[in-house]
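Chemist: Structure provided below as structure tokens; questions to follow.
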Amino acid sequence: MINSVASLNTFAAPKYKQLRPESGIAREQSMPDGTTINTDAEGEIVFVEYASGIKVKRNPGFTMVSMQDGSYMVGAPSFSWLRID
């Protein structure tokens with residue numbers, strides 16, 4: 001588990017570019033409240049940026065959430081939610 005946390009910390013450096021997927025986005029929708037939803041070619045949600053600034057990235061193995069305080073939460077089937085500062 002320690003190795004997993006170390007690799008997640010490396011991945012989760014607090015940079016918007018690292019959280020936002022560079023590829024795989026087929027469609028972007030803007031909602032009336034300012035929320036932006038990005039979906040892939042199959043219509044699955046890949047990335048959401050809420051009007052409040054919270055960002056959510058979904059992958060097959062885990063979901064990552066960027067919190068307003070700059071920290072990250074990561075959740076996956078193999079473990080419960082993990083906070084990364």
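Chemist: Once the piece of chain linking ILE37 and PHE62 is laid out straight, how much longer is it, given 0.36 nm per residue of separation minus the C-alpha distance between them?
Modeler: 7.2 nm
Chemist: For ASP69 and SER52, calculate 0.36 nm times their separation in residues minus their Cα-Cα distance, and state this gained length in nm to one decimal.
Modeler: Length gained, ASP69 through SER52: 5.0 nm.
Values in this text are rule-based calculations from the coordinates and carry no lab data. Worth saying up front: this structure is predicted, and the values here are computed from it rather than measured.
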